[in-house]
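Below is one structure, written out as structure tokens; the observations come after it.
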Amino acid sequence: SILSLLVGCVPGMQMDENSRLRGSFSTQESDKPDTLLITPALVAQMNINHVNNPTYKIGVQDVLTIRIWGDTGLSTGVDAKDDDARSDGLVVQNNGTIFYPYVGNVAVTGKSIEQIRILLTEKLSKYINDPQISVGVSEYRSKRVHVMGEVRKPGTYPITDTPMSMLDVTMLGGINNRTADTEQIFVIRRAKTNNGEIAKPVIYRFDAGSADAMLLAGQFYLNADDVVFVAPAGVVSWNRVISNILPTAGLGAQIDSIGN
């Protein structure tokens, strides 16, 4: 009761019962992030166009391995059997290219490994008779999710060629059941607008205490740069942390309530 009175006295905050039930945040109305409870209906809607095994698109800082069969001197990321073989992979540079002998700079971002293989085959055919090339990814660095809060292993985890679900990432991070509020697990997602600016976040709330929680978690797929936050027990702690997670202009991240 005392906490409710104190919160109600903070300037600019509104104790709106409807927003309390939605678990939404009270900031300036134009900048208020949306908070959506993850439900079977929401997951079904989001997964209408989901592909279980989507084609991975190469991004900046991914590390590629390229092997030219019969020519170890041009191969990368393999166990070198002679001094001429290159054992390191090729890091995709910030300009979206890799440098490859004879070919020069090759734009690879946004392409699949099969598209890169075909491109290199075409270019190397000028110098090598019928080159047999394989391309792979040795390190996935370009697409990552961030896990924080009441977890045993907070940190950044890569999204690979296998889609990462909320269940996957919470298992990787390991929820600390002693201190976590498992009814308050949040996915904070930002999307870029058409002009390249960062839009206000959409915050999804997951209730791991519900009967169908594991099923939902396994079907909710994460995007690059999603932040998964496992809230500690207590509204005050969550208010402090969310203020640090969303420090952008206009997002004071005052919380009415993150109740039911």
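Write out, first by first residue and then by second, each pair whose Cβ atoms fall under 7 Å of each other, whose residues are 6+ apart or on separate chains, and whose first residue, in the stretch 29-46, is open to solvent by less than 60 Å² (accessible area, probe 1.4 Å) and part of a helix (DSSP H, G or I) while the second is of a type in the set (D, E, K, R) and modelled with pLDDT under 90.
ASP31/LYS200
Kindly indicate whether GLN184 is at pLDDT below 90 and outside any loop (DSSP other than H, G, I, E, B).
Considered against the rule, which asks whether it is at pLDDT below 90 and outside any loop (DSSP other than H, G, I, E, B), GLN184 comes out as yes.
Cβ-Cβ below 7 Å, separation at least six or inter-chain, first residue in the stretch 161-176 and part of a loop (DSSP other than H, G, I, E, B), second open to solvent by less than 40 Å² (accessible area, probe 1.4 Å): which pairs?
Pairs found: ASP161/TYR56; MET164/VAL145; MET164/LEU222; GLY174/VAL151; ASN176/VAL151.
Please go through the stretch 120-151 and pick out each residue that is assigned to a loop (DSSP other than H, G, I, E, B) and among the β-branched types (Val, Ile, Thr).
ILE128
Name the residues in the stretch 104-144 that are open to solvent by less than 30 Å² (accessible area, probe 1.4 Å), among the aliphatic types (A, V, I, L, M) and more than 24 Å from PRO54 (Cα to Cα), would you?
LEU124
Inside the stretch 159-175, can you point out the residues that are open to solvent by 30 Å² or more (accessible area, probe 1.4 Å) and not aliphatic (A, V, I, L, M)?
Correct list: THR160, ASP161, THR162, ASP168.
Residue by residue through the stretch 95-119, note down the ones that are at pLDDT below 95 and in a loop (DSSP other than H, G, I, E, B).
Within the stretch 95-119, PRO101, TYR102, VAL103 qualify.
The values are calculated or read from the model by the stated rules, or taken from the named source; none is laboratory data. On a predicted model such as this, the values are computed, not experimentally measured, just so you know. FYI the Cβ positions are ideal-geometry reconstructions off the backbone, even for glycines, and counts take in every protein chain you see. Side chains included, ligands, DNA and RNA excluded: accessible areas come from the protein's heavy atoms. Shrake-Rupley method; radii C 1.70, N 1.55, O 1.52, S 1.80 Å.
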